[in-house]
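Some notes on the structure that comes next.
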């Protein structure tokens, strides 16, 4: 089974706590990741999504105020060695779409619900094909046994 | 099976291409949607995403017209799900307005597709296990039925 490190985005757009909302907007516009991670050194402390930014700009927040004022600071993170099944469980419970991936307190990537669900779905599809092949072999085997018994029954030394 | 009608968002938020960017941003924030459909003469002509709005704000464009994107695909309620998935993955189209009888009845976004895929995956795993169990039992029965012990039992 694949792990979070196989599906995560390595190059995460990051900003410091003191960065301005305007910078965040430029970064979001340029990258298309849908969110940026606010970090203190290498440690993620918050996340700003596009909708957060739009909400705050609409409310009249200046583009010059710091991002720490609009970020969501209780971030749920994942570890790179987490299995995708466990990651999906976390997603089902927490209901977020984006998770910073943290290894030894350092930000190493960004895992999204999209990538995890797609990876699992591909995996299931792959397994389904294998299972179908196995089923076909089973059926052929059954048929073989059936025919074999029909024609060889009388030559087999089994009872009368 | 997966049906466009079951996974689409029915309350589509629409906007005119002449409206201001601020107005569009306000609509998006108040309705908590990730995309708006730009309508003209009752037809969807473009879509606006969160990224488009932010791009517009950071380069101070005044109107929806300046930021909207044409990267969308009109589908009908009868469109096959696999078609949507392949457009999403290969052509990177992320928004699918659903039009029926020349009327906009819904919108499918990437999020809806992911939700559906997630549910479908779960469903498929269960179905696959049930099929395997049935085949396993059938095989066991076949082997038994045609084996000498089975033959003596069933005659």
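Data table
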{"quantity": "Relative contact order, percent, the stretch B:72-133 [alpha-carbon distance under 8 Å, six or more residues apart]", "calculated": "27"}
{"quantity": "Inter-part distance where the stretch B:107-131 and the stretch A:101-152 are each reduced to a Cα centre, Å", "calculated": "15"}
{"quantity": "Share of Cα-Cα pairs in the stretch B:1-78 lying beyond 16 Å, as whole percent", "calculated": "50"}
{"quantity": "Candidates B:69, B:87, B:60, ranked by Gaussian network fluctuation over chain B, Cα under 10 Å, top entry", "calculated": "B:60"}
{"quantity": "Rough spin-label spacing in nm, given labels placed 7 Å along Cα→Cβ, for residue B:152 and residue A:59", "calculated": "8.3"}
{"quantity": "FRET efficiency estimate (nearest 0.05) - Cβ-Cβ, residue B:66 to residue B:42, R0 30 angstrom", "calculated": "0.85"}
{"quantity": "Descending semi-axes in Å of the stretch A:2-81, equivalent ellipsoid built from Cα gyration tensor", "calculated": "24, 13, 11"}
{"quantity": "Structure-based [θ]222 nm, chain B - -39500 (n - 2.57) summed over DSSP H runs of at least 4, per residue, nearest 500", "calculated": "-15500 deg cm²/dmol"}
{"quantity": "Estimated FRET transfer efficiency when R0 is 30 angstrom, pair residue B:83-residue A:97 (beta carbons, to 0.05)", "calculated": "0.80"}
{"quantity": "Residue A:1 paired with residue B:14, simple spin-label distance in nm, labels 7 Å along Cα-to-beta-carbon", "calculated": "4.6"}
{"quantity": "The stretch B:30-91: relative contact order as a whole-number percent, Cα under 8 Å and 6+ apart", "calculated": "24"}
{"quantity": "Inter-probe distance in nm under a simple model that places probes 7 Å from Cα toward Cβ, at residue B:26 and residue A:74", "calculated": "3.2"}
{"quantity": "C-alpha long axis of helix B:21-31 to longest principal axis of chain B, angle in °", "calculated": "40"}
{"quantity": "Chain B: relative contact order as a whole-number percent, Cα under 8 Å and 6+ apart", "calculated": "23"}
{"quantity": "On Cα atoms only, tilt of B:110-146 relative to the major axis of chain B in degrees", "calculated": "10"}
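Every number here is computed from the coordinates shown, using simple stated rules; none is lab data. Keep in mind that what you see is a predicted model, and the values were worked out from it rather than measured. No Cβ is skipped: glycine too gets one built from the backbone with ideal geometry, and neighbour counts run over all protein chains shown.
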